[in-house]
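Presented below is the structure to which this report refers.
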Amino acid sequence: MLPSELLMHRLNGETVIPKRLKLDDKTQAIATELIAIFETCKGQSQGELDRQLQEMEGDTPDYRVKRGLAHILKSSFSTFEILSPLEPQELRRRVFELATQVIPSQQATAETLAKLADQLTQELNREVFPSQIAQGLYADLIENRILTQFDKPTAEDLIHRYNLSQVQGIFYRASHMTLKVHRNDPGEYKLLFRYLKLFQLMSYIEGDVDYGFTITVDGATSLFGTSTRYGLAIAKLLPALLHVTKWSLQATLVEKDPYSKKKRTGLFTLDSECGLVSHYPAGKMYDSAIESSFAERWTDLKTEWKLEREVDLIPIPGSVMIPDFRLVHPDGRSYLLEIVGYWRPEYLRKKFSQVSQANCENLILAISERLNLEKAGVKVSENTGMTLWFKDKLLPKAVLQAIEP
């Protein structure tokens, strides 16, 4: 996403309209030139990359567009690394320590670097050259980081990402948002709700699979004053929403007038005909390392029980519950599995309230022993299904033993 200083929008009354680039020859030429600069600078320092970008930017009036496109290339497609034989801070200490033993001179500097190169060659069991030490001394400065990898996008992909980022920036100052997702494929709902859960967004959900859902999400300004942290989480939801076929949203924004410095209210609307393109995968995803590890371990088991990731939505008042997995046996038996790992007390209270309201007798609740449930104010005894405790990792064998004693 783009930082606030690179966001551009205009007002039409109270309606906020973000800047969008056209997929025309002029814009694609700019994108292509920027991509070529990044490719040319592979293996070079960020300082050299910035120099070439500034040269290309020049004093043209569209400098903010070029700067925004370059920011996306840096943050989303580039890998910068610190290349040094040792951590630069330690390397400086070693060099300065040796330098105090000789009288400063150009020759002494070369001898010091050569001496340390010999020492490090022995210590690291690989050849270290004086030039690597000279380069690594201040390799931790931002301008000295090396562009080691560049995942080249097409010009069209870059422009799509820019347009999406401009729209995402609108949500940085959202006080609340109402999202309506109309009759869609259940799998699309599941993916959307998983992202709601992943980004820890506080939402109120009404509706069902047949008629659609209305989702109300509280935003940054309603919860945390002027903080944009929660607004960023809302912005991250947008690429997931683009995988839903039919939807519409309205967001209320609280912005500061750049001239009067007073707060003002704005409105922003968007729907599934917006033409934005998502870069999020539409496939399966996991909400935590515990779930991912459990799924990987299950594939190594020899069992008739099948582990399914895409499970049914369980409607509950004001929300829906999406169990993490479903276990299905060829004879027709099935269990739903919900994994509760390490989370904040607020999340735990919400999660156990959902479990209680779902009232599923075939639900297995796997709970980490590290959780302080008493402090969170939750009671496991209210679970109508099966409770399974685990330590660091949830082992598939433990789940099998619970359902086939």
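The values are calculated or read from the model by the stated rules, or taken from the named source; none is laboratory data. Keep in mind the model is a prediction, meaning the values are calculated, not measured. Here the Cβ is made from the backbone with ideal geometry for all residues, glycine too, and neighbour counts use every protein chain on show.
Some values worked out for this structure:
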| item | result |
| --- | --- |
| Some residue of the range 74-90 being touching a Pro at 6+ places or on another chain (Cβ under 7 Å) and within 25 Å of LEU21 (Cβ to Cβ) | yes |
| Sole exception among (1) farther than 20 Å from LYS393 by Cβ; (2) at pLDDT 75 or above; (3) surrounded by 14 or more Cβ atoms within 10 Å (Cβ to Cβ) for GLY332, by number | (3) |
| Among the residues listed as LYS74, LYS19, the single one being within 24 Å of the chain's Cα centre (by Cα), basic (Lys, Arg), within 20 Å of PRO153 (Cβ to Cβ) and modelled with pLDDT under 95 | LYS19 |
| Residue that is of a type outside the set (Ser, Thr, Tyr) and over 15 Å from GLN135 (Cβ atoms), where the choices are GLU48, GLU87, GLU81, GLU39 | GLU39 |
| Residues of the range 85-118 that turn out to be outside any helix (DSSP H, G or I) and among the polar types (S, T, N, Q), as a count | 3 |
| Answer from LEU232, LEU223 - the residue that is modelled with pLDDT under 75 and either in a helix (DSSP H, G or I) or touching a Lys or Arg at 6+ places or on another chain (Cβ under 6 Å) (or both) | LEU223 |
| Candidate set: the range 183-205, residues that are loosely packed, with under 15 Cβ neighbours inside 10 Å and touching a strand residue (DSSP E or B) at 6+ places or on another chain (Cβ under 9 Å); chosen: the one modelled with the highest pLDDT | TYR204 |
| Strands (runs of 3 or more DSSP E) (entirely within the range 1-84) containing at least 3 residues that are out of contact with any His (no Cβ under 8 Å at 6 or more places or on another chain) | 9-12, 78-81 |
| Complete set of residues in the range 118-156 that are crowded, with 17+ Cβ neighbours inside 10 Å and in contact with a Phe, Trp or Tyr (Cβ under 9 Å, 6 or more places away or on another chain) | ASN144, ARG145, ILE146, LEU147, PHE150, PRO153 |
| The range 253-276, subset farther than 15 Å from ILE170 by Cα and hydroxyl-bearing (Ser, Thr, Tyr), residue modelled with the highest pLDDT | SER272 |
| Residue pairs meeting the criteria (Cβ under 6 Å; at least 6 apart or on separate chains; first at positive phi, in the range 306-330; second at pLDDT 75 or above and of a type in the set (S, T, N, Q)) | none |
| Residues of the range 103-117 satisfying the condition of being among the small types (Gly, Ala, Ser) and surrounded by fewer than 12 Cβ atoms within 10 Å (Cβ to Cβ) | SER105 |
| First in the range 283-297 and closer than 17 Å to SER368 by Cα, second anywhere and of a type in the set (Asp, Glu) and modelled with pLDDT under 85, Cβ under 7 Å, 6 or more apart | GLU291/ASP324 |
| Some residue of the range 68-81 being closer than 18 Å to HIS160 by Cα and basic (Lys, Arg) | yes |
| Residue ID - surrounded by the fewest Cβ atoms within 10 Å (Cβ to Cβ), chosen from residues in the range 247-276 that are hydroxyl-bearing (Ser, Thr, Tyr) and more than 24 Å from the chain's Cα centre (by Cα) | TYR259 |
